[in-house]
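To start, the structure under review is shown below, and the notes come after it.
The values are calculated or read from the model by the stated rules, or taken from the named source; none is laboratory data. Note that the structure is a prediction, hence the values are computed from the model and not measured. In this analysis, Cβ positions are derived from the backbone assuming ideal geometry, glycine residues included, and neighbour counts consider all displayed protein chains. Surface accessibility is based on the protein's heavy atoms, side chains included, excluding ligands, DNA and RNA. Shrake-Rupley method; radii C 1.70, N 1.55, O 1.52, S 1.80 Å.
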Amino acid sequence: MLHRLTIHELTARLARREVSARDAMQACLDQVARVDGDIRAFISHDPADALAQADAADAAIAAGADFSQRPLLGVPLALKDVLAVQGQPLNCCSKILGQFRSPYDATVVEKLKAAGALIFGRLNMDEFAMGSSTENSAFQTTRNPWDTARIPGGSSGGSAAAVAADECIASLGSDTGGSIRQPAALCGCVGLKPTYGRVSRYGLVAFASSLDQIGPFTKDVRDAATLLEVISGHDLRDASSIPQPVPRYPQALTGDIKGMRLGLPKEYMVGGLAPEVKSAVDAAVKQLESLGATVQEISLPHTDYDVAVYYIIATAEASANLARFDGVRYGARVEGADPLEMYANTRGAGFGAEVKRRIILGTYVLSSGYYDAYYLRAQKVRTLIRQDYLKAFEQVDAIVTPTTPTPAFKLGEKSGDPLQMYLSDIFTIGCNLAGIPGLSLPCGFSSDSQRRLPIGLQLLGKPFGEESLLRLAHAYEQSTPWHKEHAL
Ligand code: GLN
């Protein structure tokens, strides 16, 4: 049962030499073999390499390795297929990258390796991280471990499902408009999107560079704090990373949230919110109050514009970022009579329908004559949205909302209707537009379906306010039973 442990439970046993890293790795590999035929979270993994990494960790432990220096020593992790690992395939679950393998490690991967982690698999995602259900993967459809007729969320659906199904101890994903928090909520994990600039994006394939951040998926809040500390920090290779010292995040988990001021945005508790989500979030707010937090209503008046602004800025940036996939630099190529025809053939065959839709939208909003009307105006409204949050944080220490309007929906339910799919991100997008940190953690289960489906609570914080979010989340988690439940 080692695959069911958290990072801190596993490393405590490894440090006491009660279990070996090989045992832990084998337990995860066995779980992948047992359940991934149904869940389909992994697009590739290499058991022989995984066990070799585990043996190296065991040798380091036998030689007296210091777990305070290497907090992930012997811990099996898997990564979203958007993060570069030297020598491994890197596809973003798109056909356009063909047989491409990464020549270098992302900064977060360097940091995970230095901390001793065993990186053993690549996880499914919506193609180029565009989607909310993982149905846009060119490779396979991942299923929600709580109900395999339902989606795991997206775009980091594989990262959430793998953790929820105990196929790995924790994972990393990326979040541009909710892609960590939304699947974490729908699969019952903890998911954290750091402040923009907290974590280096070097080696993360760009979707929308001004919104993208890498963050952890974990089984509890303590593990999220541990992973965040490992992956954070300034990086000269990412000019948008911020030179701000990295706190010892696990030390923020004091259990004491007395006097913390929480804001409930009145704009978030309306239309389309499923009754079971509303009642779980209401109960969570009461619980936080009973732990000593104070609660007040706040207003984020520009919330109505979040989805529209996001789908202008994100698609504009995506259309520029994805121009590099042209059949010349990376992966697949479909020949043509001349270079222009080769580009068109390659991109026509290589990109899926949603990616093409975004490139066309993004190119349109940046084109001359429309730039001022769409892109420039969206940037101005983005500033207003950020100001709403910063103003709210003059009154409160954190903002509490549902992570998603509904629990996990059925496979195929929204895939024919892009607008309905986009609206499932309504509560997560503002956080990326404002550049602030956001965390989702389990706060209950829906009661009116035959299967129990997890519900997520979202906590939003000030820029670089991750410690407050983690402290709040941890206090709530430790006073509730939700994190102890396993999907399988
Ligand atoms: N679901 C959103 C989108 O489709 C967010 C994706 C993400 O955060 N990568 O763009």
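General observations
- Per residue, the average separation of C-alpha pairs within less than 8 Å and at least 6 apart gives the chain a relative contact order of 18 percent.
- For segment 296-341, radius of gyration divided by Kirkwood radius, i.e. Rg to Rh on alpha-carbons: 1.36
- Remark on residue 121: its backbone amide H falls under 5 Å from those of 79, a criterion applied only to residues 5 or more positions apart or on other chains, H modelled at 1.01 Å from N.
- Once Rg and the Kirkwood radius are both taken over the C-alpha atoms of the chain, their ratio Rg/Rh works out to 0.95.
- For segment 1-66 versus segment 223-267, the gap between their alpha-carbon centres in whole angstrom: 27 Å
- Where only C-alpha atoms are counted, convex hull volume of segment 12-54 per residue in Å³: 76 Å³
- Estimated FRET transfer efficiency (residue 417, residue 256; beta-carbon r; R0 41 Å; 0.05): 0.35
- Less than 5 angstrom separates the built amide H of residue 261 from those of 294, 397, 398, all sequence-distant by 5 or more or on a different chain.
- 3J(HN,Hα) along segment 322-338: 7, 4, 6, 8, 10, x, 9, 7, 10, x, 6, 9, 10, 5, x, 5, 9 Hz, from the Karplus curve 6.51 cos²θ - 1.76 cosθ + 1.60 with θ = phi - 60°, whole Hz, x for Gly and Pro.
- Spherically averaged projected area in nm², based on the convex hull that wraps the Cα atoms of segment 258-299: 2.8 nm²
- Cα pair distances exceeding 22 angstrom across segment 225-363, given as percent: 68 percent
- Count Lys and Arg as plus one, Asp and Glu as minus one, and take only other residues whose Cβ is under 11 Å from that of residue 3; the net charge is then -1.
- For segment 162-202, the Cα gyration tensor yields ellipsoid semi-axes of 20, 12, 7 Å (square root of five times each eigenvalue, largest first, whole Å).
- Peptides 252-262, 126-136 ranked from most to least packed by the mean count of surrounding Cβ atoms within 10 Å: 126-136, 252-262.
- Enclosing the Cα atoms of segment 181-290 in their convex hull gives a volume equal to 151 cubic angstrom per residue.
- Rg ratio (alpha-carbon, reference 2.2 N^0.38 Å) - segment 41-82: 1.35
- Whole-Hz ³J(HN,Hα) from phi, Karplus 6.51 cos²θ - 1.76 cosθ + 1.60, for segment 134-146, glycine and proline x: 6, 6, 8, 5, 7, 9, 6, 10, 7, 10, 6, x, 7
- Carbon and sulfur %, accessible surface of the chain computed with the full protein complex present, 1.4 Å: 52 percent
- Entries in 219/278; 95/278; 286/380; 219/266; 113/193 that, when Cα-Cα distance is taken, lie over 32 Å: 95/278; 286/380
- Here the convex hull built on the C-alpha positions of segment 185-228 has a volume of 88 cubic angstrom per residue.
- Counting all C-alpha pairs of segment 146-233, share separated by more than 17 Å (%): 42 percent
- Using a probe of 1.4 angstrom and keeping all protein chains present, the accessible surface of segment 269-311 works out to 49 square angstrom per residue.
- Restricting segment 262-365 to trypsin sites (Lys or Arg not before Pro) in coil, as DSSP defines it, with at most 15 other Cβ within 10 Å: 329
- Cα-only radius of gyration and Dmax that characterise segment 96-208, units Å: 13.7, 39
- Two numbers describe the Cα atoms of segment 385-488: Rg and Dmax, which are 15.5, 43 Å.
- Intensity falloff of segment 303-417 expressed as log10 I(q)/I(0), Debye formula with alpha-carbon point scatterers, at q = 0.13 Å⁻¹: -0.74
- Once the Cα-Cα distance is subtracted from the 0.36 nm per residue extended length, the residue 239 to residue 384 segment shows a gain of 49.8 nm.
- Segment 1-130: radius of gyration over Cα atoms, expressed as a fraction of 2.2 N^0.38 Å: 1.07
- In this structure segment 428-488 gives 31 Å² per residue of accessible area when probed at 1.4 Å with all protein chains present.
- Debye log10 I(q)/I(0) at q = 0.19, 0.27 Å⁻¹ for segment 211-273, Cα point scatterers: -0.96, -1.10
- Whole-Hz couplings from phi, Karplus 6.51/-1.76/1.60, listed for segment 389-398; x for Gly and Pro: 5, 5, 5, 4, 6, 6, 9, 10, 8, 7
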